[in-house]
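Peer 1: Mind having a look at this structure? Questions to follow.
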Amino acid sequence: MTSAPPIFRLALTGALLVFAVGAAAQQEETPRPDKAAPPVIGQNTTPYDQRLIRLAEILGSVHYLRNLCLKGGEDTWRRSTQELIEKETANEPQRRDRLTAAFNRGYRTFASVYTTCTEPATLAEQRYRAEGATLASEIVARFGN
């Protein structure tokens, strides 16, 4: 296995810390963005791309739901994802496009379901943060140094 760049490890560790705050256990089914399409053979990919794509979808979902339910809104999740994508896909526009599309897919999936903050929307946001925390720690444990 190749080791992940230190910047990637740092970004995922930071994401893990952010995800872990207030994460709740999963109990009910919530809408889930469609599975991401597998990367095209011959394009630059990493062994963790599918997990990273799912993490981007989760970040898009959390970004939408947090802004739906917070009075002041926040841009933390979008900015964190943008930084992660920029660091992870430097000089790789196709990977950047796939990760950006995954974030947008996660955002749009919940935008099509929730138009007001409800208890299920709050629960979905908590579940997605928990899933994101688990996924981020799995990526770091398996592909980090």
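The values are calculated or read from the model by the stated rules, or taken from the named source; none is laboratory data. Since the model is a prediction, treat every value here as computed from it, not as a measurement. Here Cβ is always computed from backbone atoms with ideal geometry, including for glycine, and neighbour counts include all displayed protein chains. We work out accessible area using only protein heavy atoms, side chains counted, and drop any ligands, DNA or RNA first. Shrake-Rupley method; radii C 1.70, N 1.55, O 1.52, S 1.80 Å.
Peer 1: Is the shape of region 81-141 best called rounded, prolate or oblate, per the rule: a/c under 1.5 gives rounded, else a/b larger than b/c gives prolate, else oblate, with a ≥ b ≥ c the square roots of the Cα gyration tensor eigenvalues?
Peer 2: oblate
Peer 1: Which whole-Hz ³J(HN,Hα) couplings does region 65-76 yield from phi under the Karplus relation 6.51 cos²θ - 1.76 cosθ + 1.60, θ = phi - 60°, glycine and proline marked x?
Peer 2: 5, 5, 5, 5, 9, 8, 5, x, x, 7, 10, 4
Peer 1: How large is the accessible surface per residue of region 95-145, computed with a 1.4 Å probe and reported in Å² as a whole number?
Peer 2: I get 47 Å² per residue for this part.
Peer 1: What FRET efficiency would be calculated for the residue pair Leu70, Ala90, taking the C-beta separation as r and a Förster radius of 35 Å, to the nearest 0.05?
Peer 2: For Leu70 and Ala90, the calculated efficiency is 0.65.
Peer 1: Also, I was wondering about something else. Mind running the shape call on region 74-116? Use the C-alpha gyration tensor, a ≥ b ≥ c as the square roots of the eigenvalues: rounded below 1.5 for a/c, prolate if a/b tops b/c, oblate otherwise.
Peer 2: oblate
Peer 1: Can you compute 3J(HN,Hα) from phi for each residue in region 80-93, using the Karplus curve 6.51 cos²θ - 1.76 cosθ + 1.60 with θ = phi - 60°, rounded to whole Hz and x for Gly and Pro?
Peer 2: Along region 80-93, the couplings run 4, 5, 4, 5, 4, 5, 4, 6, 7, 10, 3, 6, 10, x Hz.
Peer 1: Okay, moving on. Place a point 7 Å from Cα of Ser112 in the direction of its Cβ. Which residues in region 50-66 have their backbone N less than 19 Å from it?
Peer 2: Inside the label zone: 54-66.
Peer 1: FRET efficiency for Thr100 and Thr122, Cβ-Cβ distance as r, R0 = 35 Å, nearest 0.05?
Peer 2: E(calc), rounded to 0.05, equals 0.85.
Peer 1: Could you give the length gained on full extension between Gln50 and Arg142, defined as 0.36 nm per residue of separation minus the Cα-Cα distance, in nm?
Peer 2: Value of the extension gain: 31.8 nm.
Peer 1: Assigning unit charges at the beta carbon (Lys, Arg +1; Asp, Glu -1) and nothing else, what dipole magnitude in debye, to the nearest 20, does region 50-113 show about its Cα centre?
Peer 2: Its charge dipole is roughly 180 debye.
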